[in-house]
Each structure stands twice: as structure tokens, then as C-alpha cells.
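**Q** Structure incoming, see below.
The values are calculated or read from the model by the stated rules, or taken from the named source; none is laboratory data. Keep in mind that this is a model prediction, so the values were computed, not measured. As a convention, Cβ positions derive from the backbone with ideal geometry for all residues, glycine included, and neighbour counts pool all protein chains shown. Ligands, DNA and RNA are stripped out before the accessible areas are found, and what is left, the full protein with its side chains, is counted by its heavy atoms. Shrake-Rupley method; radii C 1.70, N 1.55, O 1.52, S 1.80 Å.
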Amino acid sequence: MSLIQVKDLYKIYQMGNTEVRALDGVSVTIEKNEYVSIMGPSGSGKSTLMNLLGCLDTPTSGEFFMDGINVATMGDDELAHIRNKKIGFVFQTFNLLPKSTSLRNVELPLIYNGEIKAADRRDMAIRALTRVNLGDRVSHKPNELSGGQRQRVAVARALVNNPAIILADEPTGNLDSKTGEEIMVLFDELHKQGNTIILVTHEEHIAAHASRVVRLLDGKIAVDEATHRGKK
Amino acid sequence: MKSFFWENLRIALSELWGHKTRSILTGTGIVIGIIAVSLMSTLINGVDGLFEESMKFLGRGNLYVEKWPWFGDEDWWTLRNRPRIELDMAEAIKERSQYAMVVAAERGRSANLSYKELSAENIYIHGVTANYPEVSTVDVEYGRFFTESEDRTGAQVVLLGSEVAKTLFPQGNPVDKMIFAGSKRFRVIGVLAEMGKFMGAFSNDTQVIIPLATFNKIFHGPWGRRSITVKVPEHLVEEAKEELRGVVRVLRGLKPEEKDNFAINQQNAFRQSYQGIKLAIGGTGMIITALSLLVGGIGIANIMFVSVKERTREIGVRKALGATRSQIQGQFLIEAMVITASGGLVGLIISTLISMAISKFLFPATMSFGVAFMAIALSATVGLFAGLAPARKGAKLDPIEALRYE
Ligand SMILES: Nc1ncnc2c1ncn2[C@@H]1O[C@H](COP(=O)(O)OP(=O)(O)O)[C@@H](O)[C@H]1O
Ligand SMILES: [Mg+2]
């Protein structure tokens with residue numbers, strides 16, 4: 001069974017008299033432990049697709065199976081549950097809670113998990129921070145960290161709950177190329193350890209880290225092919 | 001679910017700590033409301049206790065024939081011009097009234113007492129008939145009360161109130177000692193048991209009791225209190241009062257068209273006017289409480305709306321990480337309730353201190369557990385209602401829009 005199976009996905013915004021087809025019939029299948037990058041010009045629907053894959057949004061129509069379960073028809077609370085257990089998000093703007101320490105930020109998904117004891121939460125969060133080489137920054141707040149470090153905290157937060165998929169929407173968009181490359185090394189490692197990674201980028205050298213690239217144009221998939229790395 | 005409560009409590013506390021001034025300002029209305037309600041209930045409880053304590057001095061079945069009514073709105077001059085009560089009516093009342101079980105008479109005025117070099121000033125001298133113990137709560141601790149014949153013959157004997165005994169006889173037994181009231185010598189025949197104060201103000205322990213006939217012999221002139229106490233069966237007190245009114249009218253020779261020129265007082269008068277006062281205190285307290293809680297609650301709702309708006313992105317992040325609507329709603333509800341409950345707690349502490357001061361200087365007024373519990377519950381409830389709309393607004397936010405919010 002495929003990890004993600006999307007069929008004829010539409011997301012249509014009604015803006016007055018005109019309708020905006022952010023996604024205009026997208027079908028895609030992604031297997032476990034794939035490393036996929038999504039590319040396309042601005043406004044082509046990349047973020048819309050990511051938000052749907054991340055269960056932050058619901059489609060206008062279409063089917064979306066995750067692990068064989070139909071997500072497209074789920075209610076609010078069920079979606080929250082999926083986001084918590086199956087998905088790890090990394091955002092372009094980090095989206096850390098500014099007043100909380102790295103540790104607290106990374107603990108958040110575990111808190112909403114509801115089944116993990118406080119002491120275990122702490123251990124798991126420290127382990128995740130150590131994995132992104134921030135074991136010595138647990139009690140720093142976001143404004144005491146560099147941009148690259150912030151994004152690494154965000155990566156630690158995304159992987160702390162052992163999600164099925166890590167989704168990253170332009171994770172290097174706010175970083176200089178050197179720190180961006182460091183983050184990509186991190187994703188490469190996570191992929192090697194068996195994680196499924198989907199990331200949005202508009203930079204070819206970032207996309208080249210993945211083994212498959214999906215190119216969107218006007219809400220449709222224009223190209224879906226293996227990258228150089230994927231062909232090897 | 002339990003772990004979310006602690007988590008939400010933790011978020012709420014750090015959020016409030018992060019906005020200390022704002023939290024204190026918004027909590028003030030609740031503080032005032034809780035002070036009003038808890039202090040009011042404590043005061044009413046205290047005054048109630050005081051009142052019931054005082055009412056023991058006025059037996060339920062006692063009717064007091066006096067010149068002045070205890071309460072009422074009759075013209076002061078009319079009352080002033082009434083004839084004073086002839087205490088020798090007591091005999092006739094006893095004879096004519098069906099209901100009267102005991103009829104006692106009393107007079108009073110103050111004077112200075114002395115024993116050797118010790119003196120007690122402004123002591124209430126109470127001249128009473130020998131049957132006075134039957135209509136009052138006086139209790140002889142040492143010695144004895146005077147007899148009928150001592151009263152008839154005007155014997156110069158005295159019973160000391162407990163405070164007077166302490167003042168004049170700091171150590172040693174006063175019984176059989178001779179004291180002076182002005183220039184008259186009295187033999188102490190007894191000491192009264194401690195009685196406490198009437199309405200927290202008039203001490204019953206700084207009086208002395210002498211036979212009425214002795215009083216009449218020594219103190220001439222019109223001043224002082226005069227009263228005839230008629231003891232009747234408690235359950236017939238209203239009928240007895242009507243009968244007594246008729247009896248006194250006849251004794252006074254009043255014509256049918258003439259108004260009463262005397263008053264028949266009873267405990268009920270106190271009760272009624274006390275109930276009125278209590279309602280007034282209670283009503284005022286309730287209005288102050290309701291207003292300050294309402295204003296405080298509106299302020300908190302307002303601040304919570306601001307807080308939800310300011311933290312739109314935070315809500316988006318939490319939702320993206322898996323927070324459900326009810327968890328977000330719970331977070332803001334608990335925050336609102338923490339503000340109001342802390343306000344309630346502060347209010348409670350302040351009113352406990354105030355009631356301790358009142359207890360120390362005025363009358364016993366202790367905050368009951370029930371009042372404390374009610375105050376905290378009430379303030380938390382205000383928080384619940386004030387936080388409901390803002391919390392729902394936050395919970396309903398769309399995660400994508402919330403994450404995009406600047
Ligand atoms: N909430 C919305 N309301 C209306 N139109 C939207 C909304 N979100 C996205 N769109 C539109 O959908 C299209 C795709 O947007 P998006 O997925 O953000 O593009 P990308 O991430 O590829 O730049 C754009 O034309 C955008 O204007
Ligand atoms: Mg985008």
C-alpha cells in the first residue's frame with residue numbers, strides 16, 4: 001500500500017465571480033521512504049498541495065488516502081490527530097513559539113499527543129534536539145538562536161513524534177545558501193534513516209537532493225520524474 | 001485530558017506572568033467584586049451571631065411597657081411629652097392581665113461607685129423588683145439575689161456586674177463588703193455571671209443591681225429608664241400584647257379616642273428592623289458585587305479577545321502541530337479563569353484580613369469555608385463566561401490563515 005495516494009484533487013477558491021483553481025486535478029502517489037521535491041513557479045499551487053498533504057486543509061473534491069485511510073472526508077478533530085501523529089511540518093518562517101525555549105517548542109507535538117508522560121516528553125525532545133546537533137541549546141529561546149539554528153529546532157519539532165511524513169514548504173527560503181545546505185544535509189540524513197520527505201523549493205540545487213521531482217504549473221502536475229540522484 | 005489541563009494551566013500562568021500589569025488591571029474588577037461579596041456575607045454572619053446573642057437578653061415572651069418605643073417614626077415631641085411610666089402599675093397589671101405570668105419593674109441611671117480607694121465611674125445602677133431574674137438572663141455567680149422583703153424594705157444591698165466586681169475587687173471576694181454609691185453605703189450580696197455586650201456595644205457587665213424600692217428611696221427625680229416587663233407565654237405574645245395595651249389604657253384612664261401614651265416593646269421590633277437592615281446591607285452588597293463582576297467580566301472578555309488576536313500565529317502553530325479545537329478553547333478558557341480566580345483569591349485574602357480586623361475591634365466576624373469556596377467558584381465562573389466567546393473565536397481559526405497572520 002502506498003503511503004500517499006492522491007486522485008483528482010481539486011482546490012478551488014471562489015473570488016467573487018472568478019474562481020481560482022489552486023489545484024486543478026492533481027493525482028500523485030508517494031511511497032514510503034521517498035524523497036520528493038515539489039517545484040513550480042509562484043502561484044502554481046505548491047503550498048496548497050502541501051497544506052492538503054499535511055491535513056491542514058481539505059480539498060474541494062478528490063480523493064486522498066494516507067496509509068489507505070481516506071483523509072479527504074475527515075472532520076476537524078480527526079485531521080488534528082493525523083497532523084499530530086503522522087505529519088511533521090517545517091515552515092519557511094520556522095513558526096516557533098517566540099517565548100518558549102527550544103525544549104518547549106520541540107515538546108509541543110508530544111503534549112498534544114496526549115499519551116506521553118511529562119518525563120518521557122522531555123527525554124524525547126532532548127533526543128530530537130541532539131539529532132539536529134542542538135543538544136546544547138535546549139533552554140535557548142528562538143531570539144537567542146541564529147536562523148539556521150531556529151530551522152533546526154523546527155526540524156527537531158517535526159521529527160520528535162516519529163511522523164510518517166516530513167513536509168517542508170521552502171525550508172531554506174529564509175536562510176543563506178550555506179545554512180540552507182546544512183539543513184538539506186539534515187534532511188538527507190533523515191531520509192537515509194527511513195523517513196519520507198516531501199519538500200517545496202524553487203531552487204534546482206535544493207531539489208537535486210531529492211530522488212524525485214514533481215513540477216506544478218497552474219495547479220496541474222506538468223512533470224513528475226526521477227532526479228539525477230534518483231536515477232542512480 | 002488531564003495532562004492538557006496542567007499544560008493549559010502552565011501556558012496561562014506564563015502568559016499572565018508575561019503581561020503582569022495587564023493581568024493585574026483586568027483582575028481588579030474581580031478583586032473588588034469578591035471583596036464585596038465575601039465581606040458582606042461575613043459581616044452578615046457576624047452581625048447575625050451578634051444579634052441572636054443580644055436577643056437572649058430580651059426574652060421572646062417579654063413585653064416591655066415603656067415611654068419610648070424602640071423603633072418607629074412617631075413625632076419625637078409627642079413621645080417626649082408622654083407621662084413617664086408609673087412603676088406601681090406593675091401590681092395592677094399582674095392582677096388584671098390573663099396572660100401575665102411575671103410582672104417585674106425596673107429603673108436605671110448611672111452613678112459612681114467606690115470601694116476604699118478604688119472607684120468605678122459611670123456605672124449603670126439598675127433598680128429592679130425581686131422577681132427580675134425571672135424575666136431576664138441575669139445569673140448570680142457568687143452570693144445570692146435579694147429577697148422580696150429586702151425589696152419591700154429598701155435594704156441597701158447590691159449585686160455587682162462581673163466587670164464592676166473586677167474593677168472594685170481586683171483580688172478577693174466582694175461578697176459582704178461595703179461599697180459606696182455616692183454617699184450611700186451598700187452591702188455586696190452577690191456577683192453576676194459575665195453576660196457580654198448587647199449589640200456589641202452596651203456592656204451588661206458594667207451594671208449593678210439594687211432593689212427597686214431602695215432605688216426609689218435614694219434617687220429622686222424624673223431621669224433614667226423606667227420599664228415594666230411583663231412575661232407572657234411565648235406563643236401567645238401577640239394576643240397578650242393587645243390585652244396588655246387595653247389594661248394599661250384603662251389604668252391610664254385613656255378615652256377611646258385618645259392615642260396610646262405609652263409603648264409596648266418586644267423582641268420582634270428588633271427582629272423586624274434588623275431584618276430590614278440586613279436586607280439593605282445584603283442588597284447593597286449584591287449590587288456592588290454584581291456590578292463589579294460584570295464590569296470585571298467584560299474587561300476580561302475584552303482582554304481575552306486581544307490576547308487571541310495577538311496570538312493568532314501561535315494558535316496556527318499549535319493547530320498545525322495537532323491541537324484540536326477543544327484544546328485551544330480550553331487553553332483560553334483556563335487563562336480567563338486563572339485571571340478571575342486569582343482575582344478572587346486576592347479579594348478573599350483582603351477580605352479575610354478585613355474581617356480579622358473587624359473581629360479584633362468590633363464583633364466576631366470570621367470568614368466561613370463556605371463563603372471562601374463560593375467566592376472562588378463565583379470568580380472562576382465569571383472567567384468561564386467571560387472567556388467563552390474569545391476562546392471559541394480562537395478555537396475556530398483556520399490553521400492556514402492563522403499561520404499566515406502577521
Ligand atoms: N486562501 C486563498 N484564497 C484565495 N486564493 C488562494 C488562497 N490560497 C491560495 N490561493 C491562490 O491559489 C493559488 C496557489 O497558491 P499557492 O499554493 O500558495 O502557490 P505557491 O505556493 O505555489 O506559490 C494562487 O493563485 C493563490 O493566489
Ligand atoms: Mg508557497
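**Q** When the residues of segment A:41-98 are filtered to those that are within 14 Å of chain B (Cβ to nearest Cβ) and exposed (fewer than 15 other Cβ atoms within 10 Å of the Cβ), which remaining residue is farthest from ligand 1 (Cβ to nearest atom)?
**A** Residue satisfying both the conditions and the ranking: A:P98.
**Q** Right, here's the next one. What single numbered condition from (1) within 14 Å of another protein chain (Cβ to nearest Cβ); (2) in a helix (DSSP H, G or I) fails to hold for B:A323?
**A** Going through the list (1) within 14 Å of another protein chain (Cβ to nearest Cβ); (2) in a helix (DSSP H, G or I), B:A323 breaks only (2).
**Q** OK, next. So which residues in segment A:57-98 are more than 25 Å from A:M1 (Cβ to Cβ) and outside any helix (DSSP H, G or I)?
**A** A:T60, A:V90, A:F91, A:Q92, A:T93, A:F94, A:N95, A:L96, A:L97, A:P98
**Q** Then there's this: Given the options B:V47, B:V65, name the one that is among the β-branched types (V, I, T) and either in contact with a strand residue (DSSP E or B) (Cβ under 6 Å, 6 or more places away or on another chain) or not assigned by TED's automatic domain parsing to the domain that holds B:L353 (or both).
**A** Only one candidate qualifies: B:V65.
Here's the yes/no breakdown for (1) crowded, with 20+ Cβ neighbours inside 10 Å; (2) away from ligand 1 (no atom under 16 Å from the Cβ):
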position	(1), (2)
A:E107	yes, yes
A:A119	no, yes
A:A128	yes, yes
A:N133	no, yes
A:V138	no, yes
A:D169	yes, no
A:G173	no, no
A:S177	no, yes
A:E189	no, yes
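Matching residues to (1) under 30 Å from B:R60 (Cβ atoms); (2) outside any helix (DSSP H, G or I); (3) without any contact (Cβ under 8 Å) to a residue 60 or more places away in the chain:
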site: B:A269; (1), (2), (3): yes, no, no
site: B:L279; (1), (2), (3): yes, no, yes
site: B:G297; (1), (2), (3): no, no, no
site: B:R318; (1), (2), (3): no, no, yes
site: B:G344; (1), (2), (3): no, no, no
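**Q** Here's something else I'd like to know. Keeping to segment A:189-213, report how many residues are away from ligand 2 (no atom under 14 Å from the Cβ) and within 23 Å of A:M66 (Cα to Cα).
**A** 12
**Q** If you don't mind, another one. Restricting to segment B:59-74, give me the number of residues that are outside any loop (DSSP other than H, G, I, E, B) and either more than 17 Å from B:E238 (Cβ to Cβ) or open to solvent by 30 Å² or more (accessible area, probe 1.4 Å) (or both).
**A** Residues that pass the stated criteria total 1.
**Q** Determine, yes or no, whether A:N143 is open to solvent by 20 Å² or more (accessible area, probe 1.4 Å), within 30 Å of A:R21 (Cα to Cα) and assigned to a helix (DSSP H, G or I).
**A** no
**Q** Moving on. Report the residue count in segment B:350-406 for those that are open to solvent by less than 60 Å² (accessible area, probe 1.4 Å), free of Cβ contacts under 8 Å to residues at least 12 places away in the same chain and under 20 Å from the mean Cα position of the chain (by Cα).
**A** So the count comes out to 2.
**Q** Ok, one more. Please verify whether A:L103 is touching a residue at least 40 places away in the same chain (Cβ under 8 Å), in a helix (DSSP H, G or I) and more than 9 Å from every other protein chain (Cβ to nearest Cβ), treating the condition exactly as stated.
**A** no
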